[in-house]
Amino acid sequence: MLSNKKRNIIFSLIFILSTLVVFSQERKTNKNAIKVLARPHSSNKIMLRWGATTPMSFRKLAKYGYRLKRYTISISGQTLSKPIEKDLGVFKPAEPQKWVDIIEKNNNAAIMAQSLFGESFDVEGVGSLQGIINMSQEQEQRFTWALYVADQDFEVAKLAGLGFEDLKVKSTEKYVYKVFSLVPKEEMKIKDGGVFVGLQDYQNLPKPLDLAAIFDDQKVMLNWNYAIHKNEFNSYFIERSEDGISFNQLNKLPYTTLNSGGRVDTKRIYYTDSIQNNKTYYYRVKGRTPFGELSPPSEVISGKGVKVLPYVPKISSKKIVNNNKSVVLEWKFLEEGVDFIKGFELNKSNKANGQYETVVRNISTKTRKVQYDKLDATNYFTITAIGKQGNSRTSYPVLVQPVDSIPPVKPIGLEGEVDSLGVVTLKWKKNIEPDMLGYRVFKGNNEKEEFSQVTVSPHHATTFYDSVSVKNLNNKVYYKIVAVDKRYNMSKYSDVLVLKKPDFIPPAPPVITSYNVEKETVNLTWANSQSNDIAKHEVYRRVRDSIKWNLIATLPKDTLHIEYTNWQDANVEGNTTYQYLIKAVDESDLQSINTKYITIEVPRFTLLKGLKNLGSYVDRDNTFIELFWKTVNKEAIVEVMIYKGKKDEKVSLLKNVLPSTNRIVDENVKPNNIYTYILRPVFVDGSLGQIREIEVKY
C-alpha cells in the first residue's frame with residue numbers, strides 16, 4: 001500500500017522515538033475502555049474525538065468498529081423525563097484504498113495508515129519468548145502513534161474512525177454522546193465512554209500563558225507554561241518577528257513536549273531558536289487543540305542575542321579599615337581581556353542572591369583596587385567588567401562584615417488579639433538601634449513547652465499576623481519575640497504574651513451512670529463533664545416518644561466540685577415512661593454535643609378506680625343473688641373479673657364480664673351462708689384497678 005520510501009521514513013521515525021512515552025490521551029488505567037472528548041464550535045457544531053485505552057482494545061475496535069449515539073437530555077433548560085436517542089452511526093477506519101492519495105501528502109495520515117494496516121515486524125534469530133516480547137512492543141508502538149497523530153490531525157482522526165462532527169445540533173439542547181464497542185463481548189469486554197456537552201458550553205480558546213525567554217550568544221531559549229492549558233492544547237506553533245508586527249511560523253510540524261530537548265519539567269515546555277546577535281527579535285506562541293483549532297497568540301516577548309565576554313573579574317582580597325567603617329577590595333582580571341572592556345563597576349547587596357546596586361562607577365581598566373566607605377552590618381560585593389559591545393561579566397560575590405557583637409535591647413510593649421476566625425494580630429514598640437534588621441516571632445501552645453519560630457527570616461515591621469486553630473483543645477496561645485540586628489545578633493526574649501482563643505469547641509458531655517426509682521421519685525447519678533471551663537450542667541426530660549426535650553433543672557458550677565452528681569426528680573407521674581438527657585454548658589455558653597439518653601419507666605403509685613356503687617339483691621323465693629354496680633370510664637377497661645367465696649374461705653374466679661355489663665345473677669347459692677364477692681377491673685394497658693368487695697347473707 002505504502003511506497004518503500006514512505007514506509008522506511010515512517011519506520012525510522014517510529015524507531016527513533018519508540019523509547020519515548022507519547023500519550024496524546026492520558027491512560028490512567030490498564031482496563032479496556034473508550035475515552036471521549038468533545039468541543040462545541042462557534043459554527044454551531046459539536047466535534048467529538050474518542051480512542052481506546054489499551055493497545056489490544058485499539059486493535060479490536062479498529063476491526064469491529066465503534067457505535068456513536070446521541071441522547072438529548074434537556075431542552076431550553078428543562079430536563080426530559082426520557083432522553084431522545086439518536087443513532088449517529090458505526091465508525092471504523094476507512095478502507096486502505098481511500099488512504100493512498102492522502103498518505104503521499106500527509107505524514108500524519110501515513111503514520112496512521114501504517115499503524116492500522118502496516119505489515120508486522122519480523123525479527124529473525126530469536127526464540128519464541130523474544131518473539132512474543134517483540135509483538136507486544138509492536139502493538140504498543142502502533143497504538144501510541146495512532147492516538148498521537150489522531151490528536152495532531154482531526155481529519156486523519158475522522159478517517160480512522162476516531163472522530164465525528166455533529167452538524168445537526170441546537171443551541172437550546174444539551175446532549176450526552178456515548179461511544180459503544182462493537183467488539184463481541186465473548187472476545188473482549190470494553191467499557192463504553194461518554195461526554196455531556198451542548199453548544200452553550202462553547203468558550204473562546206485561551207491564549208498560552210507565561211511565555212519567557214533567555215537570550216544568549218546567537219540563540220534564545222523560549223519556555224512557557226503548558227500545564228495550565230494541557231486539557232485544551234496538545235501542541236504549539238512558535239512565531240517570530242523582526243519588527244514586532246509581522247510574525248512568521250518557525251515550526252512546520254506541531255511542537256509538543258516530545259520536542260522539548262529532553263528537559264524534565266511537569267509545567268513548562270522549551271524551544272530553542274538560532275538568532276543574530278545585537279538584533280531585536282519578537283516571539284509569541286499559539287496553542288493547538290486535538291480538533292485542529294488554533295488559540296489566540298500569547299503575549300509577545302522580545303530581546304537580543306549578545307556575544308559573551310570571555311573574561312571574568314575575580315575579587316582576590318578584602319580588608320576592613322577605618323574603624324570598621326570602610327573596606328578595600330582588590331581583584332584580578334586577565335590583561336588580554338582589557339582591550340574588550342570599557343572599565344569596571346563595584347556592586348553591593350545585603351544578600352548574596354539579592355538585588356545588587358552599583359555603588360562605584362567608571363573604574364579605570366587599569367585599576368585593580370577600590371575603597372568603599374558606607375558599610376552596613378552585612379555587605380556582599382561584586383565587580384563587573386563592562387564590555388565594549390554591551391556585554392558584561394560579573395565576579396562571584398564576597399561577604400564583608402564589620403565587627404559587631406552588641407545585640408539589640410529586649411523588645412517591649414508586645415500585645416495582641418485573636419479574632420473569631422483564628423487570625424492573630426501582634427504589635428510591639430519599635431527598637432531604636434540604627435542597625436536593626438528585624439524581629440523573630442516565636443509561638444507555643446503551652447507555657448512550659450519549647451516555643452517554635454514562626455518567622456522564616458527577620459520580620460521588619462512591628463505588626464505581625466499569624467493564624468491559629470480555634471477548634472482544638474488548647475484554649476490559649478503564647479507568643480514572644482526577639483530583636484535581630486544586621487549582624488544577626490539577637491536580643492533577649494520579650495515577656496511572654498498569653499492570648500485566649502475564641503471558644504468554638506463544645507465541652508465534653510456528662511455520662512449517666514446509674515438510676516433507681518423510689519416511691520414517687522427518680523434518682524439519677526452521672527459522671528460530670530471533664531472540660532475545665534464548665535459553667536453548669538442542665539437536666540432535660542421528656543415523655544417517651546415525645547419530640548421536645550424540656551429543661552427541668554440547672555446545676556451551676558459551684559456545685560460541681562465532685563466527680564459524680566446525684567440528683568432527684570420528684571415531679572414524676574406513675575405509669576409513665578420518661579427519658580433523661582444531661583448536657584454540660586461551658587463559660588462561652590457552648591453546649592455539649594450528646595444524644596445518649598436513658599429511658600426510665602415509673603410504675604403506677606395508686607390503683608385506678610374502675611367500679612363504684614357496688615350493691616346486691618337477695619331473692620330467696622327464686623334462690624339467687626343479684627350483684628349490680630356502675631362502671632367508670634368504660635373505654636379504658638377491657639373486662640371485669642368477679643371472684644366468689646364463702647366468708648373466711650378462699651375465693652375463686654366466678655366469671656369475667658365485659659365493661660358494658662353492670663349486673664350479674666348468681667343462682668349457685670345455698671341458705672344460711674354468707675358469700676364474699678370481689679370485683680376488679682382490668683385496664684387496656686394490662687394494669688389492674690381497685691378492688692370492690694361486698695358480703696351477702698343468704
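Each value in this text was obtained by applying a stated rule to the coordinates, not by laboratory testing. Worth saying up front: this structure is predicted, and the values here are computed from it rather than measured. So basically every Cβ, Gly included, is an ideal-geometry build from the backbone, and we count neighbours across all protein chains shown.
Worth a mention:
- Per-residue Cβ neighbour counts within 10 Å put 361, 680 in the sequence 361, 680, beginning with the fewest.
- Residues of type lysines that residue 325 reaches as a straight line, Cα spacing below 28 Å, ignoring anything fewer than 8 places off in the same chain: 314, 348, 351, 366, 369, 374, 410, 430, 486, 492
- Compactness ratio for segment 611-697: Cα radius of gyration over 2.2 N^0.38 Å (N = residue count) comes to 1.09.
- In Hz, Karplus ³J(HN,Hα) per residue of segment 245-257 (6.51, -1.76, 1.60; θ = phi - 60°; x = Gly, Pro): 10, 9, 10, 10, 6, 8, 9, 6, 9, x, 9, 10, 4
- Backbone amide hydrogens, once placed in the peptide plane, bring residue 392 within less than 5 Å of 309, 387, excluding anything fewer than 5 places away on its chain.
- For segment 209-304, the extents of the C-alpha atoms along the principal axes are 38, 29, 22 Å, listed from largest to smallest.
- Percent of C-alpha pairs per 5 Å bin in segment 418-517, short distances first: 2, 11, 20, 19, 14, 10, 7, 4, 3, 3, 2, 2, 1, 1, 0, 0.
- Here r is the Cβ-Cβ distance between residue 203 and residue 456 and R0 is 41 Å; the resulting FRET efficiency, rounded to 0.05, is 0.55.
- Between residue 361 and residue 420, the C-beta separation translates, for a Förster distance of 60 Å, into a calculated FRET efficiency of about 0.60.
- Karplus (6.51, -1.76, 1.60) ³J(HN,Hα), θ = phi - 60°, over segment 223-236, in Hz, Gly and Pro reported as x: 8, 8, 7, 9, 5, 4, 10, 5, 7, 9, 10, 10, 7, 9
- Distance from the alpha carbon centroid of segment 441-476 to that of segment 289-349 works out to 41 angstrom.
- Hull shadow area, averaged, segment 314-400 [alpha-carbon convex hull, nm²]: 5.4
- Estimated [θ] at 222 nm from DSSP helical runs (n ≥ 4, -39500 (n - 2.57)) normalised by residues in the chain, nearest 500: -3000 deg cm²/dmol
- Under 15 Å, Cβ to Cβ, from residue 681 - net charge with Lys/Arg +1 and Asp/Glu -1: +4
- Across segment 657-673, computed HN-Hα scalar couplings (Karplus, 6.51 cos²θ - 1.76 cosθ + 1.60, θ = phi - 60°) run 10, 6, x, 6, 7, 10, 7, 9, 10, 10, 8, 8, 9, 10, x, 6, 10 Hz from first to last residue, x flagging Gly and Pro.
- Under-15-angstrom lysine pairs by C-alpha in segment 556-666, whenever the two are 8 or more apart or on separate chains: 7
- Where labels lie 7 Å past Cα in the beta-carbon direction, separation of residue 496 and residue 665 in nm: 9.9
- Label-to-label distance, residue 228 versus residue 623, with points set 7 angstrom from Cα along the beta-carbon direction: 11.8 nm.
- Simple spin-label estimate for residue 657 and residue 81 gives 6.4 nm between the two label positions (7 Å along the Cα-to-Cβ direction from each Cα).
- For the pair residue 368 and residue 472 in one chain, pulling the backbone fully straight at 0.36 nm per residue adds 31.1 nm over the alpha carbon distance.
- Residues whose amide H lies under 5 Å from that of residue 209, counting only those 5 or more places away or on a different chain, are 225; hydrogens are built 1.01 Å from N in the peptide plane.
- Full extension of the chain between residue 433 and residue 575 yields a length gain of 42.8 nm, computed as 0.36 nm times the residue separation minus the alpha carbon distance.
- The charge dipole of segment 420-491, taken about its Cα centre with unit charges on the Cβ of Lys, Arg, Asp and Glu (plus for the first two, minus for the last two), comes to roughly 160 debye.
- Residues 406, 73, 481, sorted so that the one with the fewest Cβ neighbours within 10 Å comes first: 406, 73, 481
- Least to most buried among 229, 41, 460 (fewest other Cβ within 10 Å first): 460, 41, 229
- Scanning residues 5 or more positions from residue 655 or on other chains, those with amide H under 5 Å from its amide H are 642, with H placed 1.01 Å from N in the peptide plane.
- Shape category assigned to the chain from the gyration tensor of Cα positions, a/c cut at 1.5: oblate
- Qualifying aspartates and glutamates (Cα of each under 14 Å from Cα of residue 332; at least 8 residues distant if same chain): 345
- Candidate aspartates and glutamates - alpha carbon under 17 Å from residue 168, same-chain residues fewer than 8 apart omitted: 85, 87, 201
- Calculated on C-alpha atoms, the gyration radius of segment 511-602 divided by its Kirkwood radius gives an Rg/Rh of 0.96.
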